[in-house]
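Inspection log for the structure reproduced underneath, given as structure tokens.
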Amino acid sequence: MENLELLDNKIAYSVKKLIAINSISYCYTELPIDQHCALFGRNNLGKTSLLNALKLHLFPEISFHDSKTKFAFKSSKGELYSSEDSYNYYFPSDSSFLILEAENIFGPFCLILFKSNSSFGYQRLALPCAYDDIREHFWNIHDTKVNNGLGSPVSDLGIPKIHALHQQYANTGAVMLKTTKEIKEKLFSHNPMQRAKGRYCLVPLKEGGMERELSAFRQLMNFTFEIAKTDTKGLTETFATIIESGKINTQDKLHQDLQTILDEYNELRQTQNKLKTIANY
């Protein structure tokens with residue numbers, strides 16, 4: 001996905017890579033998302049689920065409660081998954097992790113999602129480094145004797161590893177994000193002149209993640225994943241979209257009614273289904 005250019009060509013906010021460890025249906029996988037790629041495989045291998053993990057990173061949530069409303073994870077048949085099913089799918093054990101590598105004007109950083117002690121809960125650890133700097137803690141890439149030379153799992157993988165990384169990077173700004181308020185402050189507040197406040201900004205919103213901004217963002221993300229089922233440009237273009245109040249200048253606000261756009265989309269989908277039915281008759 002190309003960088004989001006919010007101020008000028010020198011200031012970029014981008015997502016670069018998704019990593020899943022003992023999550024979804026993967027022992028370990030890395031997916032670059034800052035460039036075009038194609039995922040091949042039969043159904044139910046976790047291709048869409050891996051991309052859906054972006055919602056877990058980008059939405060300011062800390063649990064899977066009311067997952068149908070928060071994330072709208074769907075099966076290939078369009079059925080919404082329950083909170084329990086979704087949680088057990090993404091975090092089946094204490095050694096399950098979802099990592100997002102991103103970059104902003106202050107440099108690369110990683111967001112690590114892992115199970116918390118609360119029911120259906122998860123937390124975030126934000127580290128001020130590229131994933132290359134911490135990969136060895138999650139996967140032994142140097143073990144070429146197994147898995148066709150692709151590496152092997154590390155032996156001490158678990159939540160204590162996360163706390164150790166937190167301590168290792170504490171002096172350079174590592175932070176544990178445990179509440180929705182903390183997530184909004186770190187991921188959505190636009191502070192280009194204050195490194196400490198803007199170090200982990202991923203989606204710079206004008207009002208720092210007010211409810212109406214987040215509602216628009218959530219709708220755009222869910223809308224994009226619907227489009228992405230038939231339009232490969234959808235997922236890329238969402239990250240090049242500036243949300244209404246995320247515009248730097250007030251005169252740049254989006255004047256389109258997002259609900260109207262969604263309604264028109266649903267109407268077009270219904271028409272498409274009718275035409276397919278007629279064509280297959």
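The values are calculated or read from the model by the stated rules, or taken from the named source; none is laboratory data. Bear in mind that the values here come from a model prediction, so they are computed numbers and not experimental data. All Cβ positions, even for glycine, are placed from backbone atoms using ideal geometry, and neighbour counts span all protein chains on display.
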Qualifying positions in segment 73-98 - crowded, with 18+ Cβ neighbours inside 10 Å and part of a loop (DSSP other than H, G, I, E, B): F73, Y81, F91, S95, S96
Over segment 47-67, the set of residues free of Cβ contacts under 8 Å to residues at least 60 places away in the same chain, part of a loop (DSSP other than H, G, I, E, B) and surrounded by 18 or more Cβ atoms within 10 Å (Cβ to Cβ) is F64
Evaluate the following for E101: is it at pLDDT 95 or above, surrounded by 21 or more Cβ atoms within 10 Å (Cβ to Cβ) and within 27 Å of E226 (Cβ to Cβ)? yes
Segments classed as helices (runs of 4 or more DSSP H), wholly inside segment 195-278, with at least 2 members that are exposed (fewer than 15 other Cβ atoms within 10 Å of the Cβ), modelled with pLDDT of 50 or more and in the same structural domain as L177 (by TED's automatic domain parsing): 195-198
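Quick grid of which residues meet (1) more than 15 Å from the chain's Cα centre (by Cα); (2) basic (K, R):
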site	(1), (2)
L54	no, no
I62	no, no
H65	yes, no
K74	yes, yes
L80	yes, no
E84	yes, no
Y90	no, no
L98	no, no
A102	no, no
Filter segment 1-39 down to the residues that are in a strand (DSSP E or B) and more than 17 Å from A53 (Cα to Cα), then identify the one that is modelled with the highest pLDDT. Y13
